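Bear in mind these aren't lab numbers, they're just calculated from the coordinates by the rules spelled out. All of these numbers come straight from a predicted model, not from anything done at the bench. Glycine gets a Cβ as well: all are built from the backbone with ideal geometry, and neighbour counts include every protein chain shown.
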């Protein structure tokens, strides 16, 4: 293995180890020493060499996890109505959350960030969560009508998103309630259809 390959391999080991340690202990309690030990890096200077410091490594871990997300394109559904766009949006959200290639520690890492937020949460909100929320809100606006006030619109948008977030953040509860529950392509498609139908019925005031 040449030097460039060795450097790349070390960097990836550090990212995998950091993801696991941050997920277990949270950003504040995780130590660079433990991360380096798990990554089989010879000394703690490896983190500074590859990333610059603990905060930069933490951000790199999220970027690393996102790089494993499948490439999804909602435009491939060619939706024209708000109902079709909502269906495409929900299916895409579920695929990104439950794809088989995602790091095993991702769910726990996100949970740690929700429990004890860092600057990373502000970055995620600015660059990912808010833009996606605005897209969903625009779809919901079409479904509930322009006469709805902003507070109602926001509540409805959160209520739609909460359905797939429950399966992600309460995954361990779901496993215990439904031990045979799986999230393969067929199950994701079925769940997306259910959430879409449930949401549209609610948003339209109970009218199918």
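A convex hull fitted around the alpha carbon atoms of the stretch 3-66 yields 73 Å³ per residue.
Taking other Cβ atoms within 10 Å as a rough exposure proxy, 7, 196 sort from fewest to most as 7, 196. Here the residues 153, 165, ranked from fewest to most Cβ neighbours within 10 Å of their Cβ, fall in the order 165, 153. Calculated FRET efficiency, residue 68 to residue 38, Cβ-Cβ distance, R0 = 22 Å: about 0.70 to the nearest 0.05. For the pair residue 84 and residue 59, label points projected 7 Å from Cα toward Cβ lie 4.0 nm apart.
With respect to the chain, whose longest principal axis is taken over its alpha-carbon atoms, helix 54-67 is tilted by about 50°.
With the helix formula -39500 (n - 2.57) applied to DSSP H stretches of n ≥ 4, the chain reaches a computed 222 nm mean residue ellipticity of -22500 deg cm²/dmol. Using a ≥ b ≥ c from the Cα gyration tensor of the stretch 137-191 (square roots of the eigenvalues), is it rounded, prolate or oblate, where a/c under 1.5 gives rounded and otherwise the larger of a/b and b/c decides, a/b for prolate? Here the stretch 137-191 falls in the prolate category. Between residue 104 and residue 169, residue separation times 0.36 nm minus the direct Cα-Cα distance comes to 22.0 nm.
Between residue 24 and residue 138, the contour length at 0.36 nm per residue exceeds the alpha carbon distance by 37.4 nm.
Spacing of the modelled spin labels on residue 190 and residue 152, each 7 Å from Cα toward Cβ, amounts to 3.5 nm. One compactness figure for the chain is 1.19, namely its Cα radius of gyration divided by 2.2 N^0.38 Å. For the chain, modelled as a Gaussian network with Cα springs under 10 Å, which listed residue fluctuates most, 192, 162, 20? The residue that fluctuates most here is 162. Note on residue 182 and residue 119: with the Förster distance fixed at 35 Å, the Cβ-Cβ geometry gives a FRET efficiency of about 0.45.
Arranged from fewest to most other beta-carbon atoms within 10 Å of their beta carbon, 54, 126 become 126, 54. Site pair residue 202 and residue 162 shows an inter-label distance of 0.7 nm when each label is modelled 7 Å from Cα along Cα→Cβ.
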